[in-house]
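Enquirer: Let me give you the structure first, and then I'll get to my questions.
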Amino acid sequence: MSPVGRRRFLALLGGAAAGAALAGCGPATGSTGRQLVSALPLPAPYGVPLPVPPVARPVSPGRYLITQRVAEQEVLPGVRTPVLGYDGIFPGPTIESRSGHEVVVRHRNELPVPTVVHLHGGHTPPEHDGWPLDLLLPVGDAQGWTGHHRMTGDVVEGERDHRYPMTQRAATLWYHDHRMDFTAPAVYRGLAGFHLVRDGVEDALPLPRGDRELPLMLCDRSFTADGEFAYPGLDQGMRGLPGVEDAWSAGVLGDVVLVNGAPWPVHEADAARYRLRILNASNARRYRLVLDGGIPFVQIGSDGGLLAAPERHDVLDVAPGERFDVVVDLSAVPVGTVVRMTNALGEGRTADVMAFRVVRTARDDSAVPERLSDVEPVAVPAGAPLRTFAFLRGDTGGHSGWTINGEGFDPDSRRYGTPLGQTEVWRFVTAVHHPVHVHLDPFRVLRRGSGGPGAFDAGWKDTVDVRPGEVVDVAVRFTGYRGRYVLHCHNLEHEDMAMMVAVHTV
Ligand code: C2O
Ligand code: CU
Ligand code: CU
């Protein structure tokens, strides 16, 4: 990749997507949305090596500087794609932090658009959490920005420090853009990265580590004939009119599956156990992952860190925003074998995800212990308040969008107050798929309809996949910080089209 001047990106923003094949096909199985067809030839699967995002180096202990800028990256072989990148790369650099040790990340915005940084899964004070209107304006653009309609936030120009106390257990977090109305195109164009939290509990376990611990960011993208990310946004400049062309209002699905920014990559592996931290960073696509040869996914952790005990899955359903920490055992796979990880919900090319090519036998001292961590049993006190949130299509300020309890996001007037320390039952009700995400503290899934939690609901969650026609009850309890946070759908098109509500901890 190389830095590019603003000219090419601004040209892109000026309407290059008009040349893209914005024709779609029918909705892909299991996902809410419509697939965009790429306008250039796509590579064969399992030919590109799996990249692993670089680990960010602190400028001093616990302090990081990330510069958001436009760069070109070879996403498809031989094709240059402009990305909006943290440090100019997609995925951004991985931040590694320790539980209990504060981290300060200074973000500098050299992009042509405002941004907002959110640490997804972070137990973060409100002024550092990435409230959607706390804009970070581009360097030198303090005057030029006219703002988001009447709404206001804490707007700064150039740089902002995000202070993360990291008073939380080890877990796979991720950071991504969260700007009001424009989260979906910003993440689609590259603004996403991992943030891993480690702690002593996890260190003491004999889990695969080093080269055998891989973060895997799954997302789907489509490309214009020029090699740009094709996104059917109404305002290609990402400044004025929010939302996407009507045909994609349920969600934008790409026809290329990327893992860590590479199309259908292959990883040369030892015949050994691997720990995979799987993140679905797609705007709208859900995956049902399957490994060749019936190799199971042994789940050791969820959004909020280690489970109490491992859970074995033959398939793994992953909705946008969710993380699954799994161990896969390749030790019995003969050298020379390719083990594919496919997507049973995909059609055509989106049925492929990535592959492991086992290239050598190797010593392996790792194990998955029967007990992993302490996860307290879910306790809901009698008389805990019950609040219902209905996720439905609806009118949001005169146009069709996505609503919660009949209303689109209005940060200034509509909000839910919840006292710190109080356990509440939140009931999520939907017609179509909505991955529902809550900021500040993770929750526990109590039940789906009249049944118990689903197969993929174990442990501490911050995003739950609410399936069509389902009623999902979760137990929430907020701790630590008073202020404004959000609850929203993590289908990013739905989020941008107002499926979000302010939660004020009091
Ligand atoms: Cu991953 Cu509020 O977002
Ligand atoms: Cu979040
Ligand atoms: Cu949704």
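The values are calculated or read from the model by the stated rules, or taken from the named source; none is laboratory data. Model, not experiment: these values are computed from the prediction. Positions of Cβ are generated from backbone atoms using ideal geometry, with glycine treated the same way; all protein chains shown enter the neighbour counts. Note: accessible area is taken over every heavy atom of the protein model, side chains too, but ligands, DNA and RNA are not part of it. Shrake-Rupley method; radii C 1.70, N 1.55, O 1.52, S 1.80 Å.
Enquirer: State the extension gain, in nm to one decimal, for the chain segment bounded by residue 388 and residue 44, taking 0.36 nm per residue of separation less the distance between their alpha-carbons.
Expert: Taking residue 388 through residue 44 to full extension adds about 119.2 nm, to one decimal.
Enquirer: Compute for the range 275-341: radius of gyration divided by Kirkwood radius, i.e. Rg/Rh, restricted to C-alpha atoms, rounded to two decimals.
Expert: Taking Rh as the inverse mean 1/r over Cα pairs, Rg/Rh reads 0.99.
Enquirer: Still on this structure: Out of the DSSP beta bridges found with both residues in the chain, what percent are antiparallel (nearest 5)?
Expert: Within the chain, antiparallel bridges account for around 70 percent of the total.
Enquirer: Tell me, Kirkwood radius of the range 441-491 from alpha-carbon pair distances, in Å?
Expert: Hydrodynamic radius (Kirkwood, Cα only) of the range 441-491 equals 12.1 Å.
Enquirer: 7 Å from Cα along Cα→Cβ at both residue 225 and residue 365: what's the point-to-point distance in nm?
Expert: 5.8
Enquirer: How long is the gain from residue 380 to residue 57 if the chain were fully straight, where each residue apart is worth 0.36 nm and the alpha carbon distance is subtracted?
Expert: Full extension from residue 380 to residue 57 adds 112.1 nm.
Enquirer: Got a number for carbon plus sulfur as a percent of the chain's accessible area, 1.4 Å probe?
Expert: The nonpolar share, carbon plus sulfur, comes to 52 percent.
Enquirer: Ok, one more. Taking every DSSP beta bridge that has both residues in the range 210-361, what percent is antiparallel when rounded to the nearest 5?
Expert: Close to 75 percent.
Enquirer: Something else now. Enter the accessible area per residue of the range 210-361 (Å², integer; probe 1.4 Å; all protein chains in place).
Expert: 26
Enquirer: Please identify every one of the GluC sites (Glu not before Pro) in the range 364-457 that sits in a loop by DSSP and has no more than 14 other beta carbons within 10 Å of its own beta carbon.
Expert: Those satisfying the criteria are 370.
Enquirer: How would you classify the chain from its alpha-carbon gyration tensor, with a ≥ b ≥ c the square roots of the eigenvalues: rounded for a/c under 1.5, else prolate if a/b is greater than b/c, otherwise oblate?
Expert: rounded
Enquirer: Then there's this: Taking only C-alpha pairs under 8 Å that are 6+ residues apart, what is the relative contact order of the chain in percent?
Expert: Computed over the chain, the figure is 15 percent.
Enquirer: For the range 386-505, what does the accessible surface come to per residue with a 1.4 Å probe? Please give it in Å².
Expert: Per-residue accessible area for the range 386-505 comes out at 33 Å².
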